[in-house]
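Engineer: Have a look at this one before I ask anything.
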């Protein structure tokens, strides 16, 4: 799967002259939304069929600063897929090939009623699509 | 009415070392929300009684930069009050008494059905409250 | 010149279910930065040669809401080019061809010393490039 | 030490009707900046004396959604204080006493030259002040 590309905007920088750390959390969402679109389960469509997917937790390691005008490539993999949850991994790389950040986020799957969805039963197509992109130990992220 | 105070956050600065200009638009909203709360018609409550108030237009003059840690005082007045619209004026001043920005925003009043509300008829209490804060030529904003 | 495209992100929406109005100000910057890059005077490069260009004022008309996943095309023209200032115009259109917003922004040209630049004298190449994209009455924006 | 209070703004909500998860990362910064101010080592002042403190990593657990108008109390403690690093802990509580989020962030201490600062040696006053707020096992965060 091709990487998601984010071009760093002026408004994302701070007075240190680099990208403010909060923006990487937004890039994770951009890349996740793009990933779902590429596997043909766009987030918009998921919301329409009644699946809500709140962020439960996240963690991020900042390795290298990013600068205005940089183009950051973001790779997304499914780290773990459970009954009503998934964990997503992200690797962000600049044009020089440097890792600028590595991160993970956990997401619940809820029905619009607020009850947990059983992904395999309630959305088998999405389940299968996510499974295809499940990270295996052999890969290097 | 006491001014709304906004304390400038680090994440609001950009690589020029000053507040990014897009944040002032958010401060206008903060001050407007605070103003409505002070006249006892909180925006949250307005949404609950079925009044939607989209921003129709805005303009802003940036007079002086703001910096991390600055406390900006924002005065709000109703510039114009029409059947289904209002125009709000803002004056933003730093602790040194310098005007950092002056701006205006126009807002529609819609019923949750999407049809324009007739403010005086549909929400007479809000209409009266806004009228009290209508800018008169004699005042200096 | 090809339009700049902005894809609407989830984090740009608000509880009304549409794009928060403050984001359009950021898209104006994105489109302006892209425009400068296309005429081969990237903003990054301008800062490196000692030209600072603060936003002096802006105004915007919101015509139609935007939604998560929308792709907004933004056309940029130079409305006015003065000795130490320019006024930029923007037209934002969604995929259905609806104008979502029209706006303008004014920008000063300063030397890093803080003194106004005389664009034609100090940066003749940039001056010529901007002149090429000066809006003429015959065009429709 | 009194908690930092953040009032939830309209522009911080998303189309789910709740606060977008990226904003909590900004609230951590707000609370951290406020904490440093309360111990009389404001971040602004630190930058002036040549101490730079980039965010190295962070993690956050989202426990309960926040809504427009909520007032979130944020408690800050120093979890760990090393030669050139610290780890900060945050607990965010709404007015109903519910924990909305718990998080941690790690920060480096660099001299403006880019070399790691030895906090105890280079900024002994700051070191002592931080030590006073070091989390002890007996406390409950």
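Read the figures in this text as sums done on the coordinates, not as results from a lab. For clarity, every value in this text was computed on a predicted model and none was experimentally measured. Reconstructed Cβ throughout: ideal geometry from the backbone, glycine too, with neighbour counts over all protein chains shown.
Engineer: Using a label position 7 Å from Cα in the Cα→Cβ direction, what is the ascending list of nm distances from residue B:71 to the same site in the other copies?
Structural biologist: So the label point of residue B:71 gives 1.7, 4.7, 4.9 nm to the other copies.
Engineer: Another question about this same structure. If you bin the C-alpha pair distances of the protein assembly as shown every 20 Å from 0, what whole percents do you get?
Structural biologist: 19, 54, 27, 1
Engineer: Other chains near D:3-13: what is the mean number of their Cβ atoms within 10 Å of each residue's Cβ?
Structural biologist: Working: counts 0, 0, 0, 0, 4, 0, 6, 13, 14, 5, 5.
Mean number of neighbouring Cβ atoms from other chains: 4.
Engineer: Related question: Return the average number of partner chain Cβ atoms within 10 angstrom of each residue Cβ along peptide C:46-58. If you can, show how the numbers build up before the last one.
Structural biologist: Details: counts 0, 4, 0, 0, 0, 0, 1, 1, 5, 6, 5, 9, 10.
The shielding value for this peptide is 3.
Engineer: Would segment A:1-140 count as rounded, prolate or oblate if I go by the C-alpha gyration tensor, calling it rounded below 1.5 in a/c and otherwise prolate when a/b exceeds b/c, oblate otherwise? Let's see the in-between values first.
Structural biologist: Working: a/c = 2.24, a/b = 1.81, b/c = 1.24.
It is prolate, given that a/c is not under 1.5 and a/b is the larger ratio.
Engineer: Which ordering of C:49, D:52, D:8 is given by a fewest-first count of other beta-carbon atoms within 10 Å? Don't skip to the end; give the middle numbers.
Structural biologist: On the way: C:49 11, D:52 16, D:8 20.
Least to most surrounded, the residues fall as C:49, D:52, D:8.
Engineer: Would any residue of segment D:1-21 have its amide N under 20 Å from a label point 7 Å out along Cα→Cβ of residue A:46? List them or say none.
Structural biologist: The answer is D:13-21.
Engineer: Could you give the distance between the Cα centres of segment A:10-54 and segment B:63-141, to the whole Å?
Structural biologist: 33
Engineer: Now a separate question. Okay, helix-only estimate at 222 nm for the protein assembly as shown: each DSSP H run of n ≥ 4 adds -39500 (n - 2.57), divide by all residues, round to 500 deg cm²/dmol; what do you get?
Structural biologist: Values: 16 runs with 141 residues, N = 564.
When only DSSP H runs of four or more count, the value is -7000 deg cm²/dmol.
Engineer: Once the label point is placed 7 Å from Cα along Cβ, list for residue A:38 the distances to the corresponding points in the other copies, in nm, shortest first.
Structural biologist: Reported distances to equivalent positions: 2.7, 4.4, 5.0 nm.
Engineer: What is chain C's relative contact order, in percent, from Cα pairs under 8 angstrom and six or more apart in sequence? Before the final figure, lay out each step's value.
Structural biologist: Values: 241 pairs, mean separation 35.9, N = 141.
Relative contact order, chain C: 25 percent.
Engineer: Give the angle, between 0 and 90 degrees and rounded to the nearest 10, that separates the Cα long axis of helix D:22-38 from the longest principal axis of the Cα atoms of chain D.
Structural biologist: Compared with the principal axis, the helix lies near 50 degrees.
Engineer: When a/c reaches 1.5 or more, the comparison of a/b and b/c decides; with that in mind, is segment B:18-77 rounded, prolate or oblate per its Cα gyration tensor?
Structural biologist: On the way: a/c = 2.72, a/b = 1.91, b/c = 1.42.
Prolate is the answer for segment B:18-77, as a/c is 1.5 or above and a/b outweighs b/c.
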